[in-house]
Structures are given as C-alpha cells and as structure tokens.
Amino acid sequence: MKMKPSINPRSNGSTLLTTSGQDISKAKFCEALRSFSEEGRRRTKLFAALLLITILLPLGLFAQDDKSDWYPFVIPEKLDTNSPANIGKLVLDAPAGKHGFLKTKGNQFVFEDGTPMKFWGTNLVFDACFPSKEQAVMMADRLAFFGFNAVRLHHMDFYFEPHGIFKDVWPAYKNPQQKKTGVLSPQQMDKLDYLIYQLKIRGIYIDMNLLVARHFTQADGVKNAAQLGMAAKPASMFDPKLIELQKQYAKDLLTHYNPYTKLKYCDDPAIALVEIINESSIVKDWRNNKLNGSMGGLKKDAIPEYYSKELDNLWQQWLKEKYSASATLQKTWHTSGYTSTQNIPIAIDPLKWTLEKRKTAKGSIENKSNETIIHISEVTSVARDLQYKTTGINLSKDKNYTIKFTAKADKPTKISVVCQQPAPSYKGLGISEQFELDKEFRTVESVFTANAECTNATLAFLVGYDSTNTTIKDISLEETSGIQLPPPAEQEKFIFPRPIYKLKMLYPRENVEDVEEFYDNLEQKYFDQMRDLLKNNLKVKIPVTGNAFSDEKSQKNCDFIDDHDYWDHPRFPHKFWDKNDFIIDNKSTLQDTPLGLIDTIQKSYTSNKPRTVTEWNHCYPSQYAYETPLPFAVQTTQNEINCLFQFAFNGDWKTIPKFDNIISYFDTITNSQQLILLSLGSYLYTQNIKIEAKFANQIYTINSPNLQAAIGFIKDKELRLGDFTITPKENGVVAILKIESPLPDNQNSTKTKSPRSDATLQDLPRRGTHYLITLVSQVKNTNSGWINGKFDWGKAPVLLKRIPTEIKLNKNIKTTAYELMPDGKQGKKIAENSSSQPLLFSTDNVNSPWIEIVTK
C-alpha cells in the first residue's frame with residue numbers, strides 16, 4: 001500500500017515521516033552529504049539525487065497514483081434531513097397514493113385527481129426487497145434523501161426464504177427440483193409489507209414485478225424444469241402449465257393484505273405499476289436461434305425438445321386458422337421458393353490447412369485417417385490467436401452457402417467458424433459463429449450468405465478457447481439454393497417446418513414474415529391473458545405492461561411501453577458474472593456518436609402510450625460514469641419518457657455491513673458519486689420546469705431556473721453557471737442548485753413526519769437563500785484499478801477524485817461558504833466575504849463534493 005507523505009507536526013517541517021514511522025533529520029542528512037571525501041565531491045549531486053529518491057519513493061512522492069488527488073467520502077447510514085443536499089425535501093409528495101390510483105392519459109401518467117406524475121426511481125433486487133424493520137427505515141430514509149420517488153421490486157422470486165419470497169414447504173428435500181415454488185413466505189411478506197409501508201409514508205411509489213427469476217421445478221409439475229433456467233424463458237410465455245403457475249402467483253401476491261398500510265396490494269394506490277415478465281421475448285429468442293431445439297446438442301441455451309415440439313403444434317394450428325386450406329397457404333407463400341435443395345460443392349484443398357499461432361498461443365496438428373487432431377497447449381485471452389485455417393475459397397456475393405463439419409474435444413469447450421477476405425482487409429464474408437463441443441462427435445451445419453465477391457477467401461476454425469485436444473473431420477462447403485418441401489400428406493395437415501432464423505435466407509419471404517407474425521401473436525396472447533387476469537379478475541386499478549424486450553405490436557393492449565438501456569455493461573469472456581474476469585470499453589458517452597446511452601432512448605414508437613425505462617445505468621467501474629445521470633434526466637424529459645428506474649440501489653444485504661465499499665457494477669447504495677448525481681437528476685426530471693440543454697466541445701450544459709450544470713471535458717474551462725463563474729481543473733460535473741426558503745421556520749408548508757422523531761420530509765433548508773455547489777468526478781474504492789487486464793475491486797473506503805475549482809459569486813452580497821460533511825451536515829468554513837466585494841475562493845483543499853453557499 002502506498003502512503004501519502006506527511007509532515008511530523010512536532011518537527012516544524014524539519015523532519016520527514018516515513019512509511020515505517022522513522023524520523024529522518026534534515027540536519028543529519030546534510031551532514032552525511034558533507035562527509036564525502038574531496039575526491040568524490042563532484043559525484044555528490046548525483047548521489048544526493050539518488051539518495052533523495054531512495055528516501056522519498058517509499059513516501060509516495062513519485063507514485064503514479066497520487067492519493068492527494070483523491071479523498072475518502074463515505075455517505076453514512078444517518079443523514080442530516082435539514083441539509084441542503086436533501087433533495088427529497090424538494091421533490092417528494094408524501095404520502096404515496098394521496099392523489100389516488102395512477103392512470104394513463106395519452107402518453108402521460110396522471111393520478112385520479114388529475115395530478116401529472118413522473119417517476120425517478122431505482123431498483124431493489126433479490127434480498128434487498130426483504131430488509132429487517134431497522135434496515136427498511138434506514139433504506140427508505142436514504143432513498144428519500146437522494147430524491148427517489150419510486151422503487152422497482154425486482155428478482156423477489158429468485159430464492160426461497162430467507163433471501164427470497166417463497167416459503168420452503170419441503171425443506172427436507174435437498175434437490176431443488178423436488179421443492180415446490182410459488183408459496184409465499186409469511187416471514188418474508190412481513191418484511192416486504194413493512195418496507196412498502198416505510199416507502200409509502202415518504203412519498204415513494206412501487207413498481208411490482210411478477211415473473212423475473214423464478215426457477216420452476218419438477219415438483220411444480222413443469223416438464224424439463226431443470227433445463228429451462230431462470231423464468232423459463234421463453235416457454236413461460238406460451239406453455240399452459242407455466243402460465244397457470246404465473247397466474248396463481250400474481251393472484252396470491254397482489255391480493256395479499258398488508259397489515260401496516262391496512263390495504264391489499266391491489267387496493268393500495270402507492271403501488272403504481274405492474275410488469276408481467278422481465279426481459280423475455282419469443283421473437284428475440286427466435287432471432288437468437290433458440291426455438292428449434294438444441295440443433296443436435298450444439299446450443300446449450302436452446303429450449304428443450306418438449307417445448308420446441310409444442311411450438312411446432314402451435315405453429316401448425318396458427319397456419320390452419322390463418323389459411324384454412326393448404327392450397328391457400330401454398331399460393332400465398334409462392335411455394336416455388338421451396339425448390340428441392342441443390343447443393344453445389346465448393347472446392348477446398350485438403351493440403352492447404354494450417355495451424356496459425358499468434359502471440360503466446362501454442363499448439364500442433366496431427367492428421368490421423370480422415371481426422372485432424374489439434375493439440376492445444378497454451379491459449380491467450382483471444383480465441384483467434386489459435387486458428388485452423390485454409391485459403392483459396394471462391395465465394396460469390398449474395399449466394400447462400402452451407403458449412404458442415406464434425407467435431408469433438410477432450411473436455412467441454414467452444415469452436416468458432418469464420419470466413420473472411422485475405423489480408424490486408426480481413427473483412428468478414430457472412431459467417432462468424434460459435435458452437436459448443438464436448439467429448440462426443442457432433443455434426444455442425446450452418447448456412448450463411450456471402451456479403452462480397454472473393455476468389456481467395458479464408459475459412460478458419462478458431463480453437464484458442466481452452467487447453468485441450470479438438471478433433472475435426474468431414475469439413476465441407478456447399479452452395480445452397482433452398483429448403484425442400486415437406487411431403488404432400490404433411491402439407492395437407494399444415495406440417496411445415498418453423499423457419500430457423502439463421503436459415504431464413506433459404507425460405508420464401510412470405511414464410512419468414514408469417515413465422516414472425518406467429519411469434520408476435522403468441523406474445524400478445526400471453527400478455528392479453530395475464531392483463532385480463534390482473535384487470536378483470538384481480539381488479540388491479542393501475543397501469544400494466546408486458547415486457548421490456550418484446551416488440552411494441554405484441555403489447556398493443558398493454559398500458560405502457562418499457563425499455564432497458566445500459567452503457568458499458570460488463571461482458572464476461574469466460575465465465576458469466578465472474579466478478580474477477582470481465583471487460584468494459586471504458587469510453588466516454590460524450591465522445592460517442594450519438595452520445596451513447598443518453599441518445600439511445602430516442603426510439604420511434606407508433607402508439608400514444610407512456611414510455612418508461614425501468615433499467616438504466618452507466619456502469620461501474622467506468623471512469624466516465626459521472627457523465628450520464630444529469631444529461632439522461634434532461635434527454636428523457638425532452639423525449640417525454642415518464643418513468644426512469646436506475647438499476648440498482650441495492651441487491652444484497654449480506655455483503656453490505658457498512659456503506660464504505662462499492663461491491664457491484666450497478667448498485668448505488670455505497671456509490672457516493674452516483675447517489676449525489678442521481679439526486680440532482682431527480683430534481684431536473686421530476687420538477688415541472690423549463691430546461692435548456694446544449695452540447696458542444698464534449699461539454700453538456702444544462703440551464704434551468706434553479707439548477708445549472710456543466711458535464712464532461714470541463715477541465716480549465718471558464719464556466720458561467722447562473723450567478724457563478726467557475727473554472728474547474730479536472731473533468732467531471734459542476735452543478736449549482738439555488739434553494740430559496742423565505743418562510744420562517746414556524747410557517748413552513750405541511751410536514752409529514754418520518755418514523756424518526758428528529759426528521760421531517762417536507763422541511764425546507766435553513767432560512768434564506770442557499771446555493772448547493774456540487775463538484776463530482778471519478779469514484780473508486782481504495783487501491784482499486786486495472787492490473788494486467790483484470791480489475792482489482794480494492795477495499796474501503798470509497799474515494800472521490802478531487803476537482804480543484806476556482807469559484808466566484810458574481811454578486812456583491814455578504815456570503816459564507818461551507819463544505820458539507822458526508823452526512824450532509826455543515827462542516828468547516830471555506831470562505832466568506834463582505835457585501836462590498838464578490839465571494840472568490842478555491843476548493844483545492846476541500847474534501848467534499850458538496851459546498852453550501854449561505855447569503856445574508
């Protein structure tokens with residue numbers, strides 16, 4: 001650990017304190033230098049320099065990571081509710097539900113009494129939905145302080161008690177498949193009830209999620225349950241048994257009585273939104289080639305054969321209902337497009353196959369009979385650094401080709417097939433596909449369309465995934481002209497194969513359009529029957545949506561349209577969700593075209609319904625994460641998006657004993673940078689104010705009546721923000737919030753008491769005019785960072801990067817500046833002035849992102 005050098009206060013500056021605590025007298029040091037012989041005096045300067053480096057290097061003076069650029073800023077559990085940093089006092093309207101149930105009016109959300117509503121929310125995930133009563137009070141206080149007026153309850157259905165919503169009714173069984181899911185745990189529901197109650201009295205609304213992460217089991221009566229995975233996607237959108245189980249859970253949950261609010265969930269206007277299912281789509285899974293079985297076992301994430309056959313039956317039924325007679329279908333599809341398959345072999349010289357090794361990758365090939373064994377002894381982080389390849393392949397633009405081979409490996413691994421132009425362009429020619437291998441031979445067949453003419457193309461198998469032995473045989477490449485028609489007897493029964501997305505170029509266009517319509521209709525049927533249950537059976541009075549991943553047309557009868565957006569979401573090259581092995585781009589959104597996440601919400605919708613984004617994040621540890629919250633609040637407002645839920649506030653109580661350590665790519669409960677910026681985003685998003693925004697020279701500026709900000713590459717730029725001129729010496733965010741509180745303390749507006757006797761949610765800040773200046777740059781844990789491509793998460797405490805800034809208030813009024821402590825309380829005085837001169841000061845030595853300016 002590198003230590004910041006410090007001066008021993010007892011030495012009056014004459015003694016240095018080393019990392020070991022040893023005092024080194026400057027006088028003794030100089031005496032030692034003078035003791036050199038006359039003969040060596042000419043080398044003294046060089047030796048002295050080396051000696052100084054030897055002494056000062058352990059002190060960190062020459063360290064690359066200058067700790068003086070960072071300061072610890074841990075936002076504690078207890079916060080000062082009277083702080084000007086308490087944005088909740090300006091935006092919350094407690095208690096939640098006071099204006100009646102939420103409704104839709106065109107593309108807006110409004111309450112029953114006509115009050116318009118926009119939700120600036122966050123997500124609670126997994127067991128964060130089930131805090132203890134003490135934790136519920138603390139979390140509700142924290143959410144309120146930072147201006148969140150809504151919470152999305154997400155992934156509640158992942159676990160059994162004590163971490164999830166389900167009661168373990170058969171605890172004696174150790175095999176999860178022998179445990180029945182779906183029974184609500186009374187202990188967990190009590191925790192959830194109390195959390196909702198605490199959120200409600202602070203003015204924080206609820207978005208209730210239904211099917212998110214439930215792992216259906218054999219004990220539930222579900223076929224192939226162990227193979228379905230989380231939420232049984234997408235079979236849960238068309239299988240009758242799975243839909244029946246979802247309906248029962250929705251009924252049990254939404255008709256549950258909360259003893260603290262004294263209302264059923266379906267009768268509580270504080271519960272404002274319902275989502276039927278999370279991130280599941282039949283259409284998208286078709287486009288990912290998951291719906292036609294495992295294709296010979298080569299796709300591990302494909303739906304089981306039972307559900308693939310179920311889709312076949314539904315497809316045949318749908319065709320019959322649409323066309324009534326097979327002759328009508330054939331005429332519509334122009335079945336001449338179903339010509340008998342005519343495959344023309346493409347010549348591949350067997351003697352041209354070689355093993356190309358790049359960087360440190362090592363391997364060799366062994367030809368045995370008609371098989372080639374690739375002995376892979378060392379791999380890199382990039383699979384293409386070891387590839388079995390050949391050249392001289394002749395491809396024609398827009399022609400269809402089938403690549404076929406048989407392969408196995410000594411242990412489960414992957415293999416990729418690519419075809420590309422030769423050097424120097426290496427342009428892809430239509431296929432770059434990955435397959436799973438194991439110890440048994442599997443035949444792989446894939447169709448692609450050549451996107452360019454090439455007489456000397458390269459065909460390569462990327463094998464640099466694992467150190468193992470991979471065997472390949474029977475490689476062939478053929479030009480393919482079409483799909484063969486089923487026999488006449490099957491045609492009469494409407495037994496036509498469901499087109500596989502990767503082969504769609506071989507089917508008649510009308511056939512592909514029909515299968516897309518079929519999948520859209522399946523989704524719509526699912527959403528319609530779930531919404532009918534909620535609205536007509538359970539009498540749910542609030543807006544209901546289907547799913548963020550489904551097309552708008554399949555949700556035409558839902559009440560609003562949802563979306564999810566991320567910037568720099570981690571990718572996992574080897575093991576999914578491996579916290580120690582992930583990749584991010586670490587790129588600025590303000591250097592992206594067009595503005596990264598900030599502009600992704602500008603999508604085209606045809607329906608006049610409210611739009612929401614229930615998951616969004618500029619993920620940690622991106623060094624540019626400060627760029628997104630404020631511009632995103634402005635852009636979504638301008639695009640009339642009515643609801644934003646940052647993902648996420650908290651996902652795991654077990655690993656957060658304190659608030660001093662960032663432990664997740666997403667969670668903000670301990671991320672000081674994001675909490676502070678999200679609170680300002682709440683003010684911009686929820687207030688009905690005019691906002692002007694400009695983007696130029698990689699700086700995004702915001703101007704509104706009481707809040708001005710500059711975000712991005714602001715280093716050494718003179719910024720005029722409201723009443724201030726500000727010159728930061730580091731990139732990041734500078735924001736000025738003007739807070740007027742003209743009323744005497746005993747004449748403030750109606751107060752809603754918090755459960756804590758010393759807190760009021762609607763108190764205004766201290767009397768008079770106040771400015772809250774926010775200076776935020778990067779955030780990290782102590783000793784965290786990238787080392788050799790791996791991210792070290794470091795340890796507590798959380799650090800903020802300092803933004804040294806020159807600040808001038810362009811008014812001649814008597815003013816005092818204070819830094820605010822991490823709990824929001826007023827800290828040390830930074831500067832003050834008289835009414836005859838402007839306030840001018842520097843933040844070089846300020847250890848807080850918050851500065852309060854008090855005028856008199």
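A few comments on the model shown:
- Candidate set: segment 535-549, residues that are of a type outside the set (D, E, K, R) and out of contact with any Leu (no Cβ under 7 Å at 6 or more places or on another chain); chosen: the one surrounded by the most Cβ atoms within 10 Å (Cβ to Cβ): GLY546
- Every pair of residues 6+ apart whose Cβ atoms lie under 7 Å, when the first sits in segment 566-593 and is in the same structural domain as ASN617 (by TED's automatic domain parsing) and polar (S, T, N, Q) while the second is in a loop (DSSP other than H, G, I, E, B) and buried (at least 18 other Cβ atoms within 10 Å of the Cβ): ASN586/ASP568; ASN586/SER622; ASN586/GLN623; SER588/TYR624; THR589/LEU595; THR589/GLY596; THR589/TYR624; THR589/THR628
- Checking each residue in segment 473-497 for being basic (Lys, Arg) and assigned by TED's automatic domain parsing to the domain that holds THR332 picks out only LYS493.
- Listed here are the strands (runs of 3 or more DSSP E) enclosed by segment 97-196 that have at least 2 residues being surrounded by fewer than 23 Cβ atoms within 10 Å (Cβ to Cβ), over 25 Å from the mean Cα position of the chain (by Cα) and not hydroxyl-bearing (Ser, Thr, Tyr): 102-105, 108-111.
- Just one residue in the set LEU678, LEU684, LEU721, LEU737 is at pLDDT 95 or above and either touching a Pro at 6+ places or on another chain (Cβ under 7 Å) or within 14 Å of GLU627 (Cα to Cα) (or both); that residue is LEU678.
- Against the conditions (1) in contact with a strand residue (DSSP E or B) (Cβ under 9 Å, 6 or more places away or on another chain); (2) part of a helix (DSSP H, G or I); (3) modelled with pLDDT of 95 or more, ASN536 satisfies every one except (1).
Conditions (1) β-branched (Val, Ile, Thr); (2) out of contact with any strand residue (DSSP E or B) (no Cβ under 8 Å at 6 or more places or on another chain); (3) part of a strand (DSSP E or B); (4) modelled with pLDDT of 95 or more, marked per residue:
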residue: TYR700; (1), (2), (3), (4): no, no, yes, yes
residue: THR725; (1), (2), (3), (4): yes, no, yes, yes
residue: SER757; (1), (2), (3), (4): no, yes, no, no
residue: GLN762; (1), (2), (3), (4): no, yes, no, no
residue: ARG766; (1), (2), (3), (4): no, no, no, no
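- For the criterion of being small (Gly, Ala, Ser), under 28 Å from the mean Cα position of the chain (by Cα) and assigned to a helix (DSSP H, G or I), ALA231 passes.
- Within segment 547-562, the set of residues being at pLDDT below 95 and under 16 Å from the mean Cα position of the chain (by Cα) comprises ALA548, PHE549.
- Some residue of segment 223-236 being in contact with a strand residue (DSSP E or B) (Cβ under 7 Å, 6 or more places away or on another chain) and crowded, with 19+ Cβ neighbours inside 10 Å: yes
- Residues that are surrounded by fewer than 17 Cβ atoms within 10 Å (Cβ to Cβ) and in a helix (DSSP H, G or I), drawn from segment 313-329: ASN313, GLN316, GLN317, LYS320, GLU321, LYS322, ALA327, THR328
- Within the set THR668, THR612, the sole residue that is in a loop (DSSP other than H, G, I, E, B) and of a type in the set (Val, Ile, Thr) turns out to be THR668.
- Residue match in segment 642-661 (condition: at pLDDT 95 or above, surrounded by fewer than 19 Cβ atoms within 10 Å (Cβ to Cβ) and β-branched (Val, Ile, Thr)): no
- In segment 506-519, the residues that are closer than 14 Å to HIS334 by Cα and either of a type outside the set (Lys, Arg) or surrounded by 20 or more Cβ atoms within 10 Å (Cβ to Cβ) (or both): LEU506, TYR507, PRO508, GLU510, ASN511, VAL512, GLU513, ASP514
- Residue satisfying all of: in segment 237-262; touching a residue at least 24 places away in the same chain (Cβ under 8 Å) and of a type in the set (Asp, Glu); surrounded by the most Cβ atoms within 10 Å (Cβ to Cβ) among these: ASP239
- The residue list ASP844, ASP823 contains one member that is among the charged types (D, E, K, R), surrounded by 15 or more Cβ atoms within 10 Å (Cβ to Cβ) and part of a loop (DSSP other than H, G, I, E, B), which is ASP823.
- Per-region count, segment 643-660, residues touching a helix residue (DSSP H, G or I) at 6+ places or on another chain (Cβ under 9 Å) and of a type outside the set (A, V, I, L, M, F, W, C): 5
- Qualifying residue in segment 428-439 (condition: touching a Gly at 6+ places or on another chain (Cβ under 9 Å) and either at pLDDT 95 or above or over 17 Å from LEU395 (Cβ atoms) (or both)): yes
- Among the residues making up segment 346-370, those that are polar (S, T, N, Q) and part of a loop (DSSP other than H, G, I, E, B) are THR360, SER369, ASN370.
- Scan of segment 543-572 for residues that are out of contact with any strand residue (DSSP E or B) (no Cβ under 6 Å at 6 or more places or on another chain) and within 21 Å of GLN646 (Cβ to Cβ), ordered by number: PHE549, ASP568, HIS569, PRO570
- Failed item, numbered, when ASP301 is tested on (1) among the acidic types (Asp, Glu); (2) over 36 Å from the mean Cα position of the chain (by Cα); (3) at pLDDT below 90: (2)
- Note on segment 390-435: residues that are more than 30 Å from PRO508 (Cα to Cα) and crowded, with 17+ Cβ neighbours inside 10 Å total 7.
- For segment 626-663, the set of residues classified as over 25 Å from GLU279 (Cβ atoms), touching a residue at least 24 places away in the same chain (Cβ under 8 Å) and part of a loop (DSSP other than H, G, I, E, B) consists of LYS658, PHE659, ASP660, ASN661, listed by residue number.
- Yes/no for LEU503 being assigned by TED's automatic domain parsing to the domain that holds SER364 and surrounded by 16 or more Cβ atoms within 10 Å (Cβ to Cβ): no
- When residues of segment 787-810 are limited to those that are in contact (Cβ under 8 Å) with a residue 40 or more places away in the chain and surrounded by fewer than 14 Cβ atoms within 10 Å (Cβ to Cβ), the one nearest to PHE146 (Cα to Cα): LYS795
Table: residues versus (1) of a type in the set (Gly, Ala, Ser); (2) not assigned by TED's automatic domain parsing to the domain that holds ASP592.
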position	(1), (2)
THR637	no, no
ASP652	no, no
ASP660	no, no
PHE666	no, no
THR670	no, no
LEU675	no, no
SER679	yes, no
ALA693	yes, yes
ALA696	yes, yes
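- Looking across segment 114-131, just one residue is over 13 Å from GLY651 (Cα atoms) and in contact with a Lys or Arg (Cβ under 7 Å, 6 or more places away or on another chain), and that is GLY121.
The values are calculated or read from the model by the stated rules, or taken from the named source; none is laboratory data. Bear in mind the structure is a predicted one, so any value in this text is a computation, not a measurement. Cβ coordinates were reconstructed from backbone atoms using ideal geometry, including for glycine residues, and neighbour counts include every protein chain displayed.
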